[in-house]
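Let me give you the structure first, and then I'll get to my questions.
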Amino acid sequence: MSSQPPSGEIQSAVRSAPGVPVIKDVNWGGLQTLYIKEVRRFFKVHLQTIWAPAITTLLFLVVFTVATGAKRPVLVGGVEVPFALFIAPGLIISQGMMGPAFANASFSLLAGKLQGTIVDYLMPPLSTMELLIGLLGGAMTRAFIVGLVCWLAMLVYLGTGVIPSHPWAVLWFGLLGTLFLSLLGVLTSIWANKFDQAAAVTNFVVVPLSLLSGTFYSVDKLAPAFRAFSHANPFFYLISGFRYGFLGTADSPVLIGSIVVLAVDVVLFVACYVLLARGWRLKS
């Protein structure tokens, strides 16, 4: 007698033919695992990834308000606003949220390339879209946690002046801003082959655009040439829209800022997706 099981039992044990993908839709389990991995990674060193940028942002606020006078008004959209309340929203989104988002997203794939663990991102049964969403989700989660910590501390320091008057604008421009820097971080992580290259993007692109975006001053007081440069800076629209969410007034139309930044995010998202799908500088 043959010891082999009937052919029907063999066929029922095979879930799919060789070469046929078992996961035909979204791999929710894999996506959740990647997202949790990214979140746990920065939580393990929370003193560096959460509390350090939050304290740095608060020091910016204290130093500038003490040096210039917290009650010095700034004209924003025809409305005079105390200087401390003027710079607080810009500091939250530029220093407290977008900076950590870029740092988190620019580290993941780059560290994998340098440590030889990039295969952990490329071999699991995750599509390019799922991989990209997992990386972006982890970076944006860190950004919103740091932003929340900064806002709570500023609420204690400045009082009710930093309570949002338009919460939808705070959330909308917070999402646009953190997505923008997360995508830029993923691009940097794909392109860079060493940490010096990623640091160069931070020092020569992210930081200058952040500081020259109207965080500490109103662009209306600038010379025409510098004002035109500010209006070409996506950071300006993000900070202006985020400030509108707190103060109810802005340096530029909120709708135009939303369209500009959303268009930039779409272009960056497509670029990240294409490069990840091709494996540029990721696969040998």
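Please treat every number below as a calculation from the coordinates, not as lab data. Being a predicted model, the structure only gives us computed values, none of them experimental. Ideal geometry is used to build each Cβ from the backbone, glycine not excepted, and the neighbour counts take in all protein chains shown.
With the contact rule set at Cα under 8 Å and sequence spacing of 6 or more, what percent relative contact order holds for the chain?
24
Can you tell me the mean projection area, over all orientations, of the convex hull of the chain's alpha carbons? Units nm², please.
19.4
Now for a separate question. Helix by helix, which DSSP H runs in the chain go 15 Å or more along their axis at the Cα atoms and have an average Kyte-Doolittle hydropathy of 0.0 or more?
Those that pass (Cα extent of 15 Å or more, hydropathy at least 0.0) are 52-68, 99-115, 128-158, 167-191, 234-247, 254-278.
Additional query: Around Lys221, with a cut-off of 15 angstrom between Cβ atoms, what is the net charge of the other residues, counting Lys and Arg +1 and Asp and Glu -1?
-1
If we sort 83-91, 267-275, 53-61 on the protection proxy, mean other Cβ atoms within 10 Å, highest first, what's the order?
Those peptides, ordered most packed to least, come out 83-91, 53-61, 267-275.
When ranked by the protection proxy of mean other Cβ atoms within 10 Å per residue, highest first, what sequence do the peptides 106-114, 25-33, 140-148 form?
Packing order, densest peptide first, comes out as 140-148, 106-114, 25-33.
Grab the other residues whose beta carbon is less than 12 angstrom from that of Cys272, score K and R as +1, D and E as -1, and report the net.
In short, 0.
Still on this structure, please answer the following. Could you count how many Lys pairs in the range 27-278 have their Cα atoms under 26 Å apart, skipping same-chain pairs fewer than 8 positions apart?
Qualifying lysine pairs in the range 27-278: 6.
Can you compute the charge dipole magnitude of the chain about its Cα centre, using +1 on each Lys and Arg Cβ and -1 on each Asp and Glu Cβ, nothing else charged? Give it in debye, rounded to the nearest 20.
Computed about the Cα centre, the dipole is about 400 debye.
Of Asp196, Asp220, how do they rank once you tally other Cβ atoms within 10 Å and put the fewest first?
In increasing order of surrounding Cβ atoms, one gets Asp196, Asp220.
While we're looking at this one, here's another question. Rounded to the nearest 500 deg cm²/dmol, what is the calculated helix-only ellipticity per residue at 222 nm for the chain, with -39500 (n - 2.57) per DSSP H run of length n ≥ 4?
Value at 222 nm, helices only: -21000 deg cm²/dmol.
Would you mind checking which residues have amide H under 5 Å from Leu75's amide H? H placed 1.01 Å from N; only 5 or more apart, or other chain.
Under 5 Å from the amide H of Leu75: Val81.
Something else now. Straight distance only, please: which aspartates and glutamates reach the Cα of Lys283 with their own Cα at less than 19 Å, same-chain residues fewer than 8 apart left out?
Correct list for Lys283: Asp120, Glu130.
State, as an integer percentage, the relative contact order of the range 67-146 based on alpha-carbon contacts under 8 Å between residues 6 or more apart.
30
Could you let me know the centre-to-centre spacing of the range 235-284 and the range 29-108, using Cα atoms, in angstrom?
Computed from Cα coordinates, the inter-centre distance equals 17 Å.
Now for a separate question. Using Cα springs under 10 Å in a Gaussian network model of the chain, which residue among Thr117, Thr128, Thr178 shows the largest mean-square fluctuation?
Of Thr117, Thr128, Thr178, the Gaussian network model singles out Thr117 as fluctuating most.
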